[in-house]
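To keep things clear, I will list the structure first and then write my remarks on it.
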Protein chains: 2
Amino acid sequence: MKIGILLSGSGVYDGSEIQEAVLAMLAIKEAGADYQCIALDKNQHHVINHLTGEEMNETRNMKVESARIARGDVANIQDMNPAVLDALVLPGGFGAAKNLSSWAFDGAAGTIAPEVKLLIVNMVNAGKPVCGLCVSPVLIAKALEGSAIHPTLTMGSSKGKSPYVIPDFHAGLKDTGALIAEKMIGEVFVDEKNKIVTAPCYMMDANILEIRNNIKKAIEATLALI
Amino acid sequence: MKIGILLSGSGVYDGSEIQEAVLAMLAIKEAGADYQCIALDKNQHHVINHLTGEEMNETRNMKVESARIARGDVANIQDMNPAVLDALVLPGGFGAAKNLSSWAFDGAAGTIAPEVKLLIVNMVNAGKPVCGLCVSPVLIAKALEGSAIHPTLTMGSSKGKSPYVIPDFHAGLKDTGALIAEKMIGEVFVDEKNKIVTAPCYMMDANILEIRNNIKKAIEATLALI
């Protein structure tokens, strides 16, 4: 089994959340499957100093930076489709909402990169599972917006502690036509009909051990849908 | 228990090996301890395009880039000593041999950053464990060179498959006064007398699952020495 992992750079504030990406790779291998990292060969929206949170006067390419997490092996998104992938995993990190879509700036009214929309739609249409971690359900929502498919997604729960305003994110998902599941950090939501798995991860206050367990659960649920 | 993790950037070819760093964090939390990421506030030796292996015309700071792995929380190495740390973990990645020492260019004749030497020597003198993953045993060797302490270290085994020439690395370690243990990817070496644990990790051909198991074993052995 070959599981695609779509990266958007290397670092939570301007690319893929590194810990989530690495722990997704680990969970996939633990389950006996292989992974293929995937990226767009385009520049990031911007570059953030991860110590200060301030923007840096630099330009970085998503595929080049993603190769740091992947140790060099990153495929072009154009070469990836349901014929070569058994499932697709979307790690979190602001790259999903800044580079692969404009959700961070425009909310539900934002755009999604056409290559990302095409890959997600093709996977769903082919009946192959898609797993969205952390903020990445926004990509699934934007990809399926306006279609006959109304996925049920979670980005966490308003009952748990979070550095973000979960109800606002959930309201945005609803605006795209998705349905909402409230899930705590220990839980994932499985939309069995549409073969879509989502997990809160670092949308909620969590340490790396909780992230590890949340991702392991999400990957196992995803592979069970293949 | 607070375990220091010394980072040197974010990416195997010019900084810390990301997967090793994340899996060290995970293993520490799994063992019930906490970690504190640490870095030098200095520029990397250079910046490598991780897709092509070529040098890029950029400058990146070790502490700023390490914050990508650490999600922002990175302490200055000057603030870290045996009074605040119960053990020290040194993940691999060429940053250890390019930024924290000049081993990648000068071998055993190279230099080590004084702040790194001081931290390692202080930990060893205080009887607190030090764990070197992958290429990082070169830092332990350079820190203790010329002292009365002759640690036994491993960077892998000439019997296993490796992208590197393990006997050359081991010969270099010997030149500093260290003793050598040959260890495969499934093994770690524990120098109980000096409380130093080393593990081959990505010095050998390995997948992320083998790296995970190797690091878990190394961290558990390190914490057992506290």
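Taking amide H positions as modeled 1.01 Å from N, with prolines and chain starts lacking one, the residues under 5 Å from A:Gln36 and 5 or more places away or on another chain are A:Ile3, A:Gly4, A:Ile5.
Distances from A:Lys161 to itself in the other copies, using label points 7 Å out along the Cα-Cβ axis, amount to 4.6 nm in increasing order. Basic side chains Lys and Arg get +1 at the Cβ, acidic Asp and Glu get -1 at the Cβ, and with that the dipole of chain A about its Cα centre reaches some 360 debye. Inter-label distance, A:Ala126 to A:Ala148: 2.1 nm, where each label sits 7 Å from its Cα along the C-beta direction.
In this structure the amide hydrogen of A:Thr152, modeled in the peptide plane, comes within under 5 Å of the amide hydrogens of A:Leu179, none closer than 5 places in sequence on its chain. Between B:Val165 and A:Asp34, the C-beta separation translates, for a Förster distance of 41 Å, into a calculated FRET efficiency of about 0.90. With its label point defined 7 Å out from Cα along the Cα-to-Cβ axis, A:Glu58 lies at 0.5 nm from the matching points of the other copies, in increasing order. One residue of chain A places its C-beta nearer than any other to the axis carrying A onto B; that residue and its whole-Å distance are A:Val22, 2. Overall, the protein assembly as shown carries a charge dipole of about 600 debye about its Cα centre when +1 sits on the Cβ of Lys and Arg and -1 on the Cβ of Asp and Glu, all other atoms neutral. Beyond 23 Å in Cα-Cα separation lie the following of the pairs B:Lys2/B:Lys142; B:Lys98/B:Lys216; B:Lys98/B:Lys128; A:Lys63/A:Lys193; B:Lys117/B:Lys174: B:Lys2/B:Lys142; B:Lys98/B:Lys216; B:Lys98/B:Lys128; A:Lys63/A:Lys193. With helices as the sole contributors, the protein assembly as shown gives -10000 deg cm²/dmol at 222 nm; each DSSP H run of n ≥ 4 counts as -39500 (n - 2.57), and the sum is divided by every residue. The H on the amide N of A:Met56, modeled in the peptide plane, is under 5 Å from the matching H of A:Val47, A:Ile48, A:Asn49, each at least 5 residues off or on a different chain.
The GluC sites (Glu not before Pro) of the range A:130-226 that meet both conditions, a loop assignment by DSSP and at most 15 other Cβ atoms within 10 Å of the site Cβ, are A:Glu192.
If R0 is 56 Å, the Cβ-Cβ spacing of A:Lys42 and B:Lys193 corresponds to a FRET efficiency of close to 0.55. State the answer as a single residue: which of B:Met56, B:Ile5, B:Ala21 lies farthest towards the positive end of the charge dipole of the range B:1-138, with beta carbon charges of +1 for Lys and Arg and -1 for Asp and Glu, about the Cα centre. Positive-most Cα among the choices belongs to B:Ile5.
Annotation for the range B:98-166 versus the range A:42-91: alpha-carbon center distance of 32 Å.
Just the number, please: percent antiparallel of the DSSP beta bridges in chain B, rounded to the nearest 5.
Details: 7 of 27 bridges.
Beta bridges within chain B, antiparallel portion: roughly 25 percent.
In this Cβ point-charge picture (+1 for Lys and Arg, -1 for Asp and Glu), the range A:69-155 has a dipole of about 100 debye about its Cα centre.
Other chains near A:48-60: what is the mean number of their Cβ atoms within 10 Å of each residue's Cβ? Before the final figure, lay out each step's value.
Details: counts 3, 6, 13, 13, 3, 2, 0, 0, 2, 0, 3, 1, 2.
Per residue, the average neighbour count from other chains is 4.
How much of the DSSP bridge set in the protein assembly as shown is antiparallel, in percent, rounded to the nearest 5? Restricted to the protein assembly as shown, the bridges split so that about 25 percent are antiparallel. Shielding value for B:12-21 is 4, the average number of Cβ atoms from other chains within 10 Å of each residue's Cβ. Cysteine residues of chain A whose C-beta has no other cysteine C-beta under 4.7 angstrom: A:Cys37, A:Cys131.
In this label model, A:Thr59 and A:Asp73 are separated by 3.1 nm, measuring between points 7 Å along each Cα→Cβ vector.
Kyte-Doolittle mean at least 0.5 and Cα extent at least 15 Å along the axis: which DSSP H helices of chain B qualify? Provide the component values of the computation, followed by the final result.
Details: long enough: B:18-30 (18 Å, 1.05); B:114-125 (16 Å, 0.88); B:208-224 (24 Å, 0.24).
Those that pass (Cα extent of 15 Å or more, hydropathy at least 0.5) are B:18-30, B:114-125.
Taking every residue in B:67-77, how many Cβ atoms of other protein chains lie within 10 Å of its Cβ, on average?
If you average over the peptide's residues, the count of other-chain Cβ atoms is 6.
For B:Glu192, inter-copy separations between label points set 7 Å beyond Cα along the Cβ vector come to 5.3 nm, shortest first.
Just round it to a whole percent: the fraction of Cα-Cα distances in chain B exceeding 26 Å. Taking all Cα-Cα pairs of chain B, the fraction more than 26 Å apart is 26 percent. Placing unit charges on the Cβ atoms of the charged side chains and taking the dipole of the range A:2-217 about its Cα centre, the candidate lying farthest along the positive direction among A:Val138, A:Leu88, A:Ala75 is A:Leu88. Here B:Lys161 is the anchor, and the lysines within straight C-alpha reach of less than 16 Å, apart from those fewer than 8 places off in the same chain, are B:Lys183.
Bear in mind these aren't lab numbers, they're just calculated from the coordinates by the rules spelled out. What you see is a predicted model; the values in this text were computed from it and never measured. Quick reminder, even Gly has a Cβ in these numbers, built from the backbone with ideal geometry, and neighbours come from all protein chains shown.
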